[in-house]
Amino acid sequence: MLRRSGERPEPKGIMTAIELHGVNVALGEGAARVHILKDVGLEIARGEAVGLVGPSGSGKSTLLMVLAGLEKPVSGSVRTLGEELTTLDEDALARFRGRNIGVVFQAFHLIPTMTAIENVATPLELAGEPDAFERARAELVAVGLGERLEHHPAQLSGGEQQRVALARALVSRPEILVADEPTGNLDEATGKQIADLLFAKSAERGATLVLVTHDPALAARCGRVVRLRSGRIETETEQAA
């Protein structure tokens, strides 16, 4: 991974997708204050696939939320695609995420009153894109749900719901895709299908992929595994191609 010093390059020209320096996240006050992340530093290159692993409570999901701009640290620097996220207000952060970051959660987080195509089109509609439904349809077809466009989440299996969630994450054509235990609510066979889609689609589009997982087989598919313990990065391991 290459670090550029001095000048601040334009986002399209940088080699590093994500840079964290001295990041601290804490909750509570006084004696009840709990440090979730402690002086974390991490660099992730464009197009890299990185797995965040570690025991429960190690801070891996918090780290994912920080680098995606979903949680602000109490101190430190978070630079994503050349943008210093810690200096942005909530509206600017939301706009940045909408343009650049797709998020897949373990619990799907689909809107139950909306059909599959409406769920996927929503981010584009909020961004004022005129072709929201055409793009949503294309993404659902790409994840194998071309026949389920008008189904509501309750009419879909867990695997189908996660496919909808993946299509929603991809529809804005983000440069970074983050996933928090994306197969955690699925059986082994369905989880493998979702993992196959996740890695295939991110590679196909040249997107940077960062995922949190407890599954060693899923972590093994990443180019690098970052292990956290007690809020700190314990090890970083490059995987064989």
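The values are calculated or read from the model by the stated rules, or taken from the named source; none is laboratory data. What you see is a predicted model, and the numbers here were worked out from it, not measured in a lab. Neighbour counts are summed over all protein chains in view; Cβ atoms, including those assigned to glycine, are modelled from backbone coordinates with ideal geometry. For accessibility, only protein heavy atoms count, side chains too; no ligands or nucleic acids. Shrake-Rupley method; radii C 1.70, N 1.55, O 1.52, S 1.80 Å.
Just a few scattered comments:
The rows are residues; the columns are (1) touching a residue at least 24 places away in the same chain (Cβ under 8 Å); (2) open to solvent by less than 30 Å² (accessible area, probe 1.4 Å); (3) under 26 Å from ILE36 (Cβ atoms).
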site	(1), (2), (3)
LEU198	yes, yes, yes
ALA207	yes, yes, no
VAL210	yes, yes, yes
ASP215	yes, no, yes
GLY231	yes, yes, yes
GLU234	yes, no, yes
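- Matching option when the condition is of a type in the set (Gly, Ala, Ser) and farther than 16 Å from ILE194 by Cβ, among ALA127, ALA116, ALA107: ALA127
- Matching strands (runs of 3 or more DSSP E) fully within region 155-233 where at least 1 residues are under 29 Å from MET15 (Cα atoms) and of a type in the set (Asp, Glu): 176-180
- Cβ pairs under 9 Å, 6+ apart, first in region 10-33 and under 13 Å from GLU175 (Cβ atoms) and modelled with pLDDT under 75, second open to solvent by less than 70 Å² (accessible area, probe 1.4 Å) and in a helix (DSSP H, G or I): PRO11/ASN100
- Looking at region 46-123, the strands (runs of 3 or more DSSP E) lying wholly inside it that each contain 1 or more residues that are open to solvent by 30 Å² or more (accessible area, probe 1.4 Å) and under 27 Å from ALA200 (Cα atoms) sit at 75-80, 101-105.
- Residue in region 134-145 that is in contact (Cβ under 8 Å) with a residue 40 or more places away in the chain and either assigned to a helix (DSSP H, G or I) or of a type in the set (Ser, Thr, Tyr) (or both) present: yes
- When GLY191 is tested against (1) at pLDDT 95 or above; (2) more than 15 Å from the chain's Cα centre (by Cα); (3) surrounded by 20 or more Cβ atoms within 10 Å (Cβ to Cβ), exactly one condition is not met: (1).
- Answer from ALA179, ALA132 - the residue that is buried (at least 20 other Cβ atoms within 10 Å of the Cβ), more than 15 Å from VAL103 (Cβ to Cβ) and at pLDDT 95 or above: ALA132
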